[in-house]
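Step one of this worksheet: look at the structure below.
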């Protein structure tokens, strides 16, 4: 009962202070604000998952221009969707976006479902994302808990423990729901996002400008820099791979990766073991004869669970059997390749080829 009373007192002061601050100092001119269009809201929420606003904004505008409606997105090919997503990272979001659009058109008559349960049933939409769509597009009442909000609540309530742990996440969800006001949910929800993004930041939080600093347990106990508890560190494994940059008559060879796994569905250079012989590899894979060229600079790329060093090995085709022209293989000019769905490191290699070609 005592704990509930503490939450009730915090809720009584927290929401009004946050709403008033958001209305005066929050963000009001982001391209996905000031709309109740569920498609526009959904698109922004998916893009903003694990990605900063400044990075998302140009992608969001290009995406809406190319696919202005959920029906337009559903009718596109996955390649077209991933090509526009290229460089934004976490490509499963783009694939799930495309799948969900198809479900909305085929299963809901092109209209977004308006309940939390139906939203969460769509690919790529979890509890927090569904809540954001429910609030912003449908005027519903639900609690969000994205990364920024976890940080705000962990500091506000003095919650220790890594937020990714089940028990800690459950506590954060309980507090997120207990702090919900009855009115002004749009301003409140946007205020939580704005507070975490602009004031209660991971590094160098601006506690002096925080509208709820008087309620913050972390500030009162001098634990702002310690909360939320960081994820336990462990050394990431290091991997190496060779990418075969095969060239023929001004074109390069790209292969479509399997739909599941790293860079699923994207176009990449053929991969081999880091110490592979490119001549033997091309003969084995394609029955092709090649002349090895220079090794381009190593490309270092980080994933969530490992780090990857890419060794781009160029080679010129001497003979290429017709049988090697199979689905999933594409000969394309480097300039045209930049319009395809490429992972960021592959895009960087292609761009370097273009520069080398112009300076050769």
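The values are calculated or read from the model by the stated rules, or taken from the named source; none is laboratory data. Not measured: the values here are computed from a predicted model. Ideal geometry is used to build each Cβ from the backbone, glycine not excepted, and the neighbour counts take in all protein chains shown.
For the stretch 148-155, the criterion of being in a loop (DSSP other than H, G, I, E, B) and not assigned by TED's automatic domain parsing to the domain that holds residue 308 is met by no residue. Of the residues screened, residue 328 is not one that is buried (at least 18 other Cβ atoms within 10 Å of the Cβ) and on the phi > 0 side of the Ramachandran plot.
When 24, 66 are screened for being more than 15 Å from residue 133 (Cα to Cα), at pLDDT 95 or above and either crowded, with 16+ Cβ neighbours inside 10 Å or in contact with a helix residue (DSSP H, G or I) (Cβ under 9 Å, 6 or more places away or on another chain) (or both), only 66 passes.
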